[in-house]
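The values are calculated or read from the model by the stated rules, or taken from the named source; none is laboratory data. The shown structure was predicted, so the numbers you read here are calculated from the model rather than taken from an experiment. No Cβ is skipped: glycine too gets one built from the backbone with ideal geometry, and neighbour counts run over all protein chains shown. For accessibility, only protein heavy atoms count, side chains too; no ligands or nucleic acids. Shrake-Rupley method; radii C 1.70, N 1.55, O 1.52, S 1.80 Å.
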Amino acid sequence: MTEQRDLSFLSSSSVPRRRDALRLLSAAALGAGAWPAFAQDSKRLPRLVTVSGAITEVVYALGAEGQLVGTDTTSLFPAAARATPKVGYMRQLSAEGLLSLKPDAIIATNESGPTVVLDQIRTAGVKVEIIEADHSWGEVQRKVQAVGRAAAKEVQARELQARLDAEWAQVLQRIGGAKGRKPKVLFVLSHSASPQVSGEKTAAHAVIGFAGGVNALGGFNGYRPMTAEAMASAAPDIILTSTQSIEAHGGVERFWQRSELALTPAYKKRALITQDALLLLGFGPRLPAAIGELHDKFRAALA
């Protein structure tokens, strides 16, 4: 059982004192002589902690899962990832929990934090790879490259990237050749009692566009509460949500019972498309397949 320590000293305004304390904590977590031994044994593969379900998927795609010593709670695919030691939610990390796993590298996105915790990890001597999440294909490429570097599998990463780039080009070509009008799609995030709808600068906005649809809502970034006025003005042809949102509502029928949805064209046709949240919004190696599947569902809903 991991010893519980008082980490209040990590917020000290005295930088030298904090740095010294972190070195001590790192030494305790890694074991005496761990770093010199690693420097002398170049054959030992780096121990990894991943903070993002999509990044964890890349580790498995590269065959580096044996190097995983910890993942965050969004790491649910493949199924084996669920059995890995968990470091908590990606936005609520702790230095002690991460260091207790003795990682050589932590790979995360800029959506992870708190920032102070990641800074503490670096100060303790652990390599931290931060990947910009901008909801683009470039984000997927950066994840593959970062995992390749951290896992010492750069050759495998280049091979994986070439295959994924080919898949991405193929699916975009197919979607680009589709005829007919683009459907207006509204993404609803409803993992809690207060559903929200997606505007611009979101993963949902990006995937709708990639799949050949148009976000029914614009003029704002991020998410807003789902209101009757917003539904009426958006007039979506299709409602897109995650399977987790449907489960949180207690099923499809319960989801459609929300009065706000009754004001939309999608309600009249019960045009609802669901996809696993990590597959839909994770921007991982399954993105080409996810976008291709979503496009097919868009076309079927308009038929």
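Worth a mention:
- Both radii are taken from the alpha-carbon atoms of segment 41-183; with Rh as the Kirkwood radius, Rg/Rh is 1.03.
- For q = 0.23 Å⁻¹, Debye-computed log10 I/I(0) when each Cα of segment 123-194 counts as one equal scatterer: -1.04
- Of the residues Ala300, Leu272, Gly219, the one whose Cα sits farthest toward the positive end of the charge dipole of segment 206-303, with +1 on the Cβ of Lys and Arg and -1 on the Cβ of Asp and Glu, is Ala300.
- Cα long-axis angle, helix 137-151 against the chain (0 to 90 degrees, to the nearest 10): 20 degrees
- Highest mean packing comes first when the peptides 244-255, 282-293 are listed by Cβ atoms within 10 Å, giving 282-293, 244-255.
- From the C-alpha gyration tensor of segment 103-226, square roots of 5λ in Å: 32, 24, 9
- With every protein chain in place, segment 255-294: carbon and sulfur % of accessible area (1.4 Å): 52 percent
- Cut-off 15 Å between beta-carbons: net charge of the residues surrounding Val155, Lys and Arg +1, Asp and Glu -1: +2
- Convex hull of Cα atoms in the chain, direction-averaged projection (nm²): 18.0 nm²
- Largest-first ellipsoid semi-axes for segment 168-303, taking √(5λ) over the Cα gyration tensor eigenvalues, angstrom: 23, 16, 14
- Convex hull of alpha carbon positions in segment 158-228: directionally averaged projected area 6.6 nm².
- Taking the three principal axes of the alpha carbon atoms in segment 79-130, the coordinate ranges are 32, 22, 17 Å, sorted in descending order.
- For the pair Glu154 and Ala79, label points projected 7 Å from Cα toward Cβ lie 3.7 nm apart.
- Pairwise centroid distance, computed over Cα atoms, of segment 101-129 with segment 212-232, Å: 35 Å
- Segment 144-207 and segment 238-275 have Cα centres separated by 22 Å.
- Here the sum of -39500 (n - 2.57) over DSSP H runs of 4 or more residues, divided by the residues of the chain, equals -13000 deg cm²/dmol at 222 nm, to the nearest 500.
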